[in-house]
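A.B. asks: Structure provided below as structure tokens; questions to follow.
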Amino acid sequence: MITSGEIKIFAGSTGQVFAEQMCKYLGIDLGEADTIVFSEGNIFVRVGETVRNKDVYLVQPIGLNPNNEFVEILFWLDAFKRASANSVTAIIPYFGYAKGDKKDEPRVSIRARVCAECIELAGADRIVTMDLHSPQIQGFFKKPVDHLFALPVLCEYIKNLNIDDLMVISPDAGFTKQARKFASYLGVSVAIGDKTRTGHDERAKVLEIIGDVSGKNTLIGDDFSISGETLIDLARELKNRGAQRIFACLTHILLNEQGVARIEDSPLEFLIGTDTVVNSCLRKSKKVRIVSVAPLFAEAIDRIHNRESVSPLFTKVPDKVIDSN
């Protein structure tokens, strides 16, 4: 295991709790740092200790306040580089602008590419993130990207629930490949939802379900949800088609207050997710269950720092990571 003298982990304003859990797992102290937001909205960051010749890891998701969180990452990267850090790795559990991964209509920005270029120009030597909305976003970076998956952590949690006659449900064709990975890990079958989205209003309509779900306990999987409407519409359709118990599983939970209220009143028995995003709205929910992936990120840092392969973490969680949850 690494020691506090070899690397330093620092947290941005919304990465504090996640970083503390990583440090607890690694047995090191969190670096001293301050983030100040002035009354007119300007962000000021300050490193509170020397980082000269250190390998620095900055923890900050681009989550529910994406513009400020993104800009803060840039300022931190610049501060560490100007303080003569040996290397700076950006730990971004949720890369919010990953949704803007393509030019699918005229005169629009490919936002994920713009963010990637800015992060590199600000000084990031490496990026570690989880469950990008589109894996090809790794190609927007010229620097190394370690793309972790929540699947092993979530599946181990689901396995421990001992749910009989389980079937994994993909909410759309785009998530089918990942849904098959979930099903393969759990040793169950897959059904696919067919949905359409006509605008940018975060609403999608479920048109069909491909597969027989009658009498099955079903697990809807997806990478994130903002309004919760797709999950709920699909859950209702599953219930109409004879499904028994209905669960949902997300990596990133971005639900607002209305979304949480919808989940509470929906046919979903509960929603499993990770702690990649700080979301105070979830405190009001009795149905949301959070599984921490901070130990998985800590294990990835340990391997990166010791020049070991990170790929074993893509498909299987080491026992010591499972024990830490």
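The values are calculated or read from the model by the stated rules, or taken from the named source; none is laboratory data. What you are looking at is a predicted structure, and each value in this text was computed from that prediction instead of being measured. Cβ sites come from the backbone with ideal geometry, for glycine too, and all protein chains shown count toward neighbours.
A.B. asks: Search the stretch 90-137 for residues being among the β-branched types (Val, Ile, Thr) and in contact (Cβ under 8 Å) with a residue 40 or more places away in the chain, and hand back the single one that is farthest from Pro61 (Cα to Cα).
C.D. replies: The initial filter retains those residues of the stretch 90-137 that are among the β-branched types (Val, Ile, Thr), namely 91-92, 108, 110, 114, 119, 127-129, 137.
Then keep just the ones that are in contact (Cβ under 8 Å) with a residue 40 or more places away in the chain; that gives 91, 119, 128, 137.
Working: Ile91: 8, Ile119: 13, Val128: 11, Ile137: 16 Å.
So, considering only residues that are among the β-branched types (Val, Ile, Thr) and in contact (Cβ under 8 Å) with a residue 40 or more places away in the chain, the one farthest from Pro61 (Cα to Cα) is Ile137.
A.B. asks: Write out, first by first residue and then by second, each pair whose Cβ atoms fall under 8 Å of each other, whose residues are 6+ apart or on separate chains, and whose first residue, in the stretch 7-27, is touching a residue at least 12 places away in the same chain (Cβ under 8 Å) while the second is part of a strand (DSSP E or B) and of a type in the set (Phe, Trp, Tyr).
C.D. replies: Ile7/Tyr57; Lys8/Tyr57; Ile9/Tyr57; Phe10/Tyr57; Ala19/Phe10
A.B. asks: With respect to Asp146, is the statement that it is within 24 Å of Phe270 (Cβ to Cβ), at pLDDT 95 or above and charged (D, E, K, R) true?
C.D. replies: Answer is no for this residue.
A.B. asks: Can you name every residue in the stretch 121-142 that is charged (D, E, K, R) and in contact with a strand residue (DSSP E or B) (Cβ under 6 Å, 6 or more places away or on another chain)?
C.D. replies: Within the stretch 121-142, Asp125, Arg126, Asp131 qualify.
A.B. asks: Okay, moving on. Taking the options Ile28, Ile9, Ile36, name whichever one is more than 29 Å from Gly259 (Cβ to Cβ), part of a loop (DSSP other than H, G, I, E, B) and not charged (D, E, K, R).
C.D. replies: Ile28
A.B. asks: Next question. Restricting to the stretch 100-115, count the residues that are more than 14 Å from Pro66 (Cβ to Cβ) and touching a helix residue (DSSP H, G or I) at 6+ places or on another chain (Cβ under 6 Å).
C.D. replies: The qualifying residues number 2.
A.B. asks: Hey, among the residues in the stretch 49-66 that are over 17 Å from the mean Cα position of the chain (by Cα) and outside any loop (DSSP other than H, G, I, E, B), which one's surrounded by the fewest Cβ atoms within 10 Å (Cβ to Cβ)?
C.D. replies: First, the residues of the stretch 49-66 that are over 17 Å from the mean Cα position of the chain (by Cα): 49-57.
Those left that are additionally outside any loop (DSSP other than H, G, I, E, B): 55-57.
Details: Asp55: 20, Val56: 25, Tyr57: 27.
So, considering only residues that are over 17 Å from the mean Cα position of the chain (by Cα) and outside any loop (DSSP other than H, G, I, E, B), the one surrounded by the fewest Cβ atoms within 10 Å (Cβ to Cβ) is Asp55.
A.B. asks: Check every one of the helices (runs of 4 or more DSSP H) wholly within the stretch 213-325 and list those with 3 or more residues that are surrounded by fewer than 16 Cβ atoms within 10 Å (Cβ to Cβ) and of a type outside the set (Phe, Trp, Tyr).
C.D. replies: Hits in the stretch 213-325: 257-264, 319-324.
A.B. asks: Also, quick follow-up: When the stretch 5-48 is examined, which residues are found to be within 22 Å of the chain's Cα centre (by Cα) and more than 25 Å from Phe95 (Cβ to Cβ)?
C.D. replies: None; the set is empty.
A.B. asks: Just the residues that are surrounded by fewer than 13 Cβ atoms within 10 Å (Cβ to Cβ) and not basic (Lys, Arg), please, taken from the stretch 72-91. Full working, then the answer.
C.D. replies: Restricting attention to the stretch 72-91, the residues satisfying the condition of being surrounded by fewer than 13 Cβ atoms within 10 Å (Cβ to Cβ) are 82, 84.
Selection gives Ser84 alone.
A.B. asks: Name every residue in the stretch 269-293 that is touching a helix residue (DSSP H, G or I) at 6+ places or on another chain (Cβ under 6 Å), closer than 22 Å to Gln178 by Cβ and free of Cβ contacts under 8 Å to residues at least 40 places away in the same chain, in order of residue number.
C.D. replies: Once the filter is applied, which keeps residues that are touching a helix residue (DSSP H, G or I) at 6+ places or on another chain (Cβ under 6 Å), closer than 22 Å to Gln178 by Cβ and free of Cβ contacts under 8 Å to residues at least 40 places away in the same chain, the stretch 269-293 yields only Val288.
A.B. asks: Among the numbered conditions (1) of a type in the set (A, V, I, L, M, F, W, C); (2) more than 23 Å from Ile210 (Cα to Cα); (3) not assigned by TED's automatic domain parsing to the domain that holds Tyr94, tell me where Ile232 comes up short.
C.D. replies: Among (1) of a type in the set (A, V, I, L, M, F, W, C); (2) more than 23 Å from Ile210 (Cα to Cα); (3) not assigned by TED's automatic domain parsing to the domain that holds Tyr94, the lone unmet condition for Ile232 is (2).
A.B. asks: Please count how many residues of the stretch 77-93 are closer than 22 Å to Leu132 by Cα and part of a helix (DSSP H, G or I).
C.D. replies: So the answer is 1.
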